1. With the Cα gyration tensor of the range 1-51 giving a ≥ b ≥ c as the square roots of its eigenvalues, does the rule (a/c under 1.5 for rounded; else a/b larger than b/c for prolate; else oblate) give rounded, prolate or oblate?
2. I need the calculated FRET efficiency for the pair residue 28 and residue 6, taking r as the beta carbon distance and R₀ as 35 Å, to the nearest 0.05.
3. Fully extended, how many nm does the chain gain between residue 20 and residue 42 (0.36 nm per residue separation, minus their Cα-Cα distance)?
């Protein structure tokens, strides 16, 4: 589903390490894992949530509650 949401199937990360101090490379990797990745995961999860219209059309969608029954 992520490919449909983000429009691609792969993400490639390349960090230039030429003259960049090792501690800065480690900090960049840490920030990707602690700051960027959680935001991307949250956005993917948000976009995967069915709309009310989708849920009514398919009340069994991914274990979501049956909105028709709730009416």
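The numbers here are math on the coordinates, done by the rules we state, and not lab data. Since this is a predicted model, take the numbers as computed values, not measurements. Glycine gets a Cβ as well: all are built from the backbone with ideal geometry, and neighbour counts include every protein chain shown.
1. It is oblate, given that a/c is not under 1.5 and a/b is not larger than b/c.
2. Efficiency for this residue pair is about 0.95.
3. Fully extending the segment from residue 20 to residue 42 adds 4.9 nm.
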